[in-house]
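Chemist: The structure is given below, and queries will be raised subsequently.
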Amino acid sequence: MVKLLGISGSLRRESFNTKLVREAARAFGEAEFALADLNLPLFNEDVEAEGVPAPVTVLMDQIAAADAIVLCTPEYNKAPPGVLKNALDWVSRRKPMPTMGKPVAVLSATAGLAGGERSTAALYLMLVPFGVKMVFQPEVFVGRAGTKFGEDGRLSDEATFGFVEKKMAALREAIG
């Protein structure tokens with residue numbers, strides 16, 4: 001069975017991006033799905049010298065075990081959030097890097113109109129050193145996310161879910 005890892009760049013309980021990553025997993029279809037926890041200590045080489053914290057090791061192991069990754073990012077001040085950058089900084093310390101060759105799909109959901117287009121573009125640049133196999137098309141930017149999800153956490157906008165399905169089909173195809 002395909003192993004799909006979901007990563008949400010938001011820690012908020014009712015995060016649109018956590019909802020979106022779960023919807024992406026649903027659209028992906030049959031898979032063993034895990035949602036990463038980015039509640040990690042701030043990257044600090046002094047902390048690393050004392051031993052990589054257990055939650056960081058869990059994340060690294062999840063990435064290594066995954067066949068594909070779906071990453072959903074909010075946009076904070078026109079960029080991905082610090083918790084996501086922090087997680088990437090920690091992950092980059094494992095050699096060989098567990099992300100190498102992994103198919104990755106990036107989606108974004110925001111309260112604003114643009115849906116995270118700038119944070120997604122910035123995240124693409126941040127992922128370059130990780131050697132991932134980026135799935136660029138179709139782009140999925142969920143603007144006005146507060147109007148796109150029902151009380152059950154699912155996408156209530158059929159057109160948006162259709163784009164998510166297409167993106168997940170492309171991610172599944174990228175697994176090879």
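The values are calculated or read from the model by the stated rules, or taken from the named source; none is laboratory data. Worth saying up front: this structure is predicted, and the values here are computed from it rather than measured. Cβ placement follows ideal geometry from the backbone for every residue including glycine, while neighbour counts extend to all protein chains displayed. Surface areas here come from the heavy atoms of the whole protein model, side chains and all, with no ligands, DNA or RNA. Shrake-Rupley method; radii C 1.70, N 1.55, O 1.52, S 1.80 Å.
Chemist: Name the residues whose placed amide hydrogens come within less than 5 Å of the amide hydrogen of M134, ignoring near sequence neighbours (fewer than 5 apart) on the same chain.
Modeler: Under 5 Å from the amide H of M134: V104.
Chemist: I'd like the carbon and sulfur percentage of the solvent accessible area for the chain, probe radius 1.4 Å, heavy atoms only, ligands and nucleic acids excluded.
Modeler: Carbon and sulfur together cover 53 percent of it.
Chemist: Kindly report the accessible area of segment 29-121 per residue (heavy atoms of protein chains, probe 1.4 Å, no ligands, DNA or RNA), in Å².
Modeler: In whole numbers, segment 29-121 has 47 Å² accessible per residue.
Chemist: Let me ask something else about it. Let me check against my output: what whole-number percent is the relative contact order of segment 39-176, with C-alpha pairs under 8 Å and at least 6 apart?
Modeler: 24
Chemist: Please give the net charge around V132, taking every other residue with its beta carbon less than 14 angstrom from that of V132, where Lys and Arg add +1 and Asp and Glu add -1.
Modeler: +1
Chemist: Let me ask you something else. Would you calculate the volume per residue, in Å³, of the smallest convex hull containing every Cα atom of segment 27-125?
Modeler: It is 113 Å³ per residue.
Chemist: If you don't mind, another one. Which value, in Å³ per residue, describes the convex hull spanned by the Cα atoms of the chain?
Modeler: Per residue, the Cα convex hull of the chain comes to 106 Å³.
Chemist: Also, I was wondering about something else. Calculate the length of the line joining the C-alpha centroid of segment 126-176 to that of segment 46-105, in whole Å.
Modeler: Cα centroid to Cα centroid, the span is 19 Å.
Chemist: Report, ordered by chain and residue number, the lysines lying within cross-link reach of K102, taken as a straight Cα distance under 24 Å and ignoring same-chain residues fewer than 8 apart.
Modeler: Cα-Cα hits under 24 Å: K3, K19, K85, K133, K166, K167.
Chemist: Separate question: Evaluate the relative contact order of segment 28-112 (contact order divided by residue number), counting alpha-carbon pairs under 8 angstrom at least 6 apart; express in whole percent.
Modeler: 36
Chemist: Apply the Kirkwood formula to segment 1-74: the hydrodynamic radius equals the inverse of the mean of 1/r over all pairs of different alpha-carbon atoms; give it in Å with one decimal.
Modeler: Values: mean 1/r = 0.0758 Å⁻¹.
About 13.2 Å, per the Kirkwood formula over Cα pairs.
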